[in-house]
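To start, the structure itself, in structure tokens.
The values are calculated or read from the model by the stated rules, or taken from the named source; none is laboratory data. Nothing here was measured: the structure is a model prediction, and the numbers come from that model. For neighbour counting, all protein chains shown are included, and Cβ atoms are generated from backbone atoms with ideal geometry for every residue, glycine included. Protein only, heavy atoms only, side chains kept; ligands, DNA and RNA dropped before computing areas. Shrake-Rupley method; radii C 1.70, N 1.55, O 1.52, S 1.80 Å.
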Amino acid sequence: MNGTLIATAAAMAFYAAGLLFVVLFSSVKKVRTLKLGAILFVGGYVITAVIFYFLMPTITVPNMLLANLMTAGVLLPLLLYAVRPDQKFEARVATPIMFLFGLGLVGLLVTFVLGFTALGTAHETITYQEKDEAEPLSKEETPIAVAPEFARNKIQKAMSVVPNTQFFDLGKLQVQKVNGEVVYVAPVEFAGFWKFLRGQETAGYFTISATDVSGQPQFHESPMKYTNSSYLHRYIQRVIYNEYPHYIQSGEAQIEVDDNGKPWYVQTVYRPLHFTNRPDFDEIKVVVIDPETGKMEMYDTEKAPEFIEGSVSSEMATMENHYFGKYVHGWLNSVFGKKDVKIPNKSGTESEVTPIFNNKGEMLYFTDMTSPKENIDSALGYTLIDARTGELVYYNGEKNNGIMDSEGAKQIVNKEFPEKKWEGSMPVLYNVDGHPTWIVNVLDPNGLLKQYAYIKANDSDFAVFGDTAKETLDAYRMALMQDPGNIGATEETVTEPVEGVVSRVSVTSSEKGQVVYFLLENDTTIYIVNASKFPLAIFLEKGDRIKARAQVLDNETATIEDLTIEGLTGASSAR
């Protein structure tokens, strides 16, 4: 109750000052005035405390100014009437009280104006850098393969394993790494107030693989008293508020599981800028709560326990994207000039962002940025926000200019299967061998995963669909290699040295150009050369000795990136 009591006391300051003015300047006996004032103070304090218990207003200057004006606006007229019933207010009392109200209104107006001017300042508190493009996917890497809708659908069907399942609903899904495996974690939550009164504690949580579509949900029994769906003193947001009433809470607390399988609730909080409610992105903290005991501890986001991936919430990341893109030159520019303004798309799976994991196992939030102009479906770039530090990286290199945005990628999938009503979900932009590529889950109307789509972000006609993530990735890479329009686009691919004698050669032709396939002695890998990249490859013959660098795929094929043929003049590069 500490937070509620402190906030209520702060909200009674104007009334206390007004009571002092009445005592000092009224002609009524001071003892009687103090007695009536004290009665109103106690009654007002109790009523305000009850209201604040449920509303939980953060103790900030704008919030407390408004609360003071409202409480004083109700209690002071009651006090003046109680002191001199059926008589006019004394001018010498009314004047200082009106001055007090005027001061409060001016202060509220000032905080309102400062709220706009602080938008640019909030942007400046964001730690960010700009890069041309992200590291390409390696052969060993595949993106998160399971859309949250699909995972939720599977877990919902497994809810019958929960004890007293009629008491509970499925909570918010959160992507996390548990013991090295990327999984969705979803707590079991109370289905309502009466279920909370009867159950008192939830039963546990579910996990399901985020990378294996054949994975099945697993229920982990772990009773929790303090949750997002608990009520009164066990409501987790209220528990945090009473301990840290000066901090604004970002979104809903999310569950994270340590390596021993114990769940913890994690809530991102922040202190606002100056006399406003605008976020200071340098002052983001995270509160970690034991859902069994309610004990909690606050950390800097990057210093949270290692098992916590998302100490910066998806809601906080969404806000950071908004401030980064829209208020780059302050509020006025965001309304009138709009120079360098970028608007985050809303195609994310969690509060307009999509969580992904990089090759270091770190969780990032992905969002693509588009122009503020209407009817433009191209992306200006994309951001990745570190889910532990909040650091933002904006990728806006040449290859990302003019590419389709996430909504455009989803529309391509939607138009591919109109009769089945399959739709695109969870679009994420990856760097596949130097090509900006949208990777989209294809879901049926029931949220079941049907296929994957790999779409070349700068060519809406270049799309590959497949049944598994790995199969589709390999097919997409093959299609890239066979497209003569991709000359020099794979300069960042990870390659391996290859050397040997050619045993078989085949050349295929199409309207776009020629592709050469060959085998080496004692090697079953099929090597593929785009003749547009390496014209001399069409003269390749059985018995030729070659040296090359190749990107080896998992389906026993490899694309050639560098090629030297003995007997032909010089060495040519397929880069």
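Determine which residues of the stretch 256-299 fall in the zone a paramagnetic label at Q237 would reach in this model, i.e. backbone nitrogen under 16 Å from the point 7 Å along Cα→Cβ. Output list for this probe position: 266-270, 287. Which FRET efficiency value, to the nearest 0.05, is calculated for L5 and D132 with the Förster distance at 51 angstrom and r the Cβ-Cβ distance? Rounded to the nearest 0.05, the efficiency is 0.45. One chain, two ends: K225 and A94. Fully extended at 0.36 nm per residue, the span grows by 42.1 nm beyond their Cα-Cα distance.
For A158, no residue has an amide H sitting under 5 Å from its own, ignoring neighbours fewer than 5 places away on the same chain, with H placed 1.01 Å from N.
For the pair Y517 and Q87, label points projected 7 Å from Cα toward Cβ lie 10.5 nm apart. Protection proxy ranking for 209-219, 311-321, using the average of other Cβ atoms within 10 Å per residue and placing the highest first: 311-321, 209-219. All other residues whose Cβ lies under 15 angstrom from that of K373 are scored, Lys and Arg at +1 and Asp and Glu at -1, for a net of -1. Ranked by the mean number of other Cβ atoms within 10 Å of their residues, highest first, the peptides 86-92, 299-305, 102-108 come out as 299-305, 102-108, 86-92. Placing R0 at 25 angstrom, the Cβ-Cβ distance between E499 and E556 gives a FRET efficiency of 0.85 after rounding to 0.05.
How large is the convex hull of the Cα atoms of the stretch 331-457 per residue, expressed in Å³ as a whole number?
Details: hull volume 16.8 nm³, N = 127.
Normalising the Cα hull of the stretch 331-457 by residue number yields 132 Å³.
With the alpha-carbon atoms as the only input, what is the per residue convex hull volume for the stretch 1-146 in Å³? Before the final figure, lay out each step's value.
Values: hull volume 26.5 nm³, N = 146.
Normalising the Cα hull of the stretch 1-146 by residue number yields 181 Å³.
Only Lys, Arg, Asp and Glu carry charge here, each on its Cβ (+1 for the first two, -1 for the last two); on that basis the stretch 203-318 has a dipole of about 520 debye about its Cα centre.
Taking a temperature of 25 °C and a viscosity of 0.890 mPa s, what whole-number D in µm²/s does Stokes-Einstein yield for the stretch 306-367 with Rh from Kirkwood over alpha carbon pairs? Calculated translational D: 192 µm²/s. Taking 1.306 mPa s as the viscosity and 10 °C as the temperature, the Stokes-Einstein diffusion coefficient of the stretch 145-250 based on its alpha-carbon Kirkwood radius rounds to 108 µm²/s.
Quote the FRET efficiency, to the nearest 0.05, computed for A13 versus K338 with a Förster distance R0 of 41 Å and r equal to the Cβ-Cβ distance. List each step's numbers first, then the result.
On the way: r = 41 Å, r/R0 = 1.01.
After rounding, the FRET efficiency stands at 0.50.
Full extension of the chain segment joining R198 with S160 gains 11.8 nm, where the gain is 0.36 nm per residue of separation less the Cα-Cα distance.
Look at the dipole of the chain built from charges on Cβ: of A145, S250, G102, the Cα furthest out on the positive end belongs to G102.
Are any of the pairs K303/K456; K154/K303; K131/K326 more than 28 Å apart by Cα-Cα distance, and if so, which?
On the way: K303/K456 38 Å; K154/K303 34 Å; K131/K326 19 Å.
Exceeds cut-off: K303/K456; K154/K303.
I want the local charge near P279. Using Cβ-Cβ distances under 14 Å, sum +1 for each Lys or Arg and -1 for each Asp or Glu among the other residues.
Details: positive: R271, R278, K285, K326; negative: E124, D280, D282, E283, E315, E320.
Charge balance near P279 sits at -2.
Placing +1 on the Cβ of every Lys and Arg and -1 on the Cβ of every Asp and Glu, with no other charges, gives the chain a dipole of roughly 3520 debye about its Cα centre. Rg of the Cα atoms in the stretch 210-281, relative to 2.2 N^0.38 Å, amounts to 1.44. Rounded to two decimals, the Cα-based Rg/Rh of the stretch 75-127, with Kirkwood Rh, is 1.35.
Given in Å, the Rg to one decimal and the Dmax to the nearest whole number for the Cα atoms of the chain are 31.1, 116. Taking only the Cα atoms of the stretch 65-218, the ratio Rg/Rh comes out at 1.29, with Rh defined as the Kirkwood radius.
Among 27-33, 49-55, 453-459, sorting by the average number of other beta carbon atoms lying within 10 angstrom of each residue, highest first, gives 453-459, 49-55, 27-33.
Taking every protein chain into account, the accessible area of the stretch 185-236 amounts to 44 square angstrom per residue (probe 1.4 Å).
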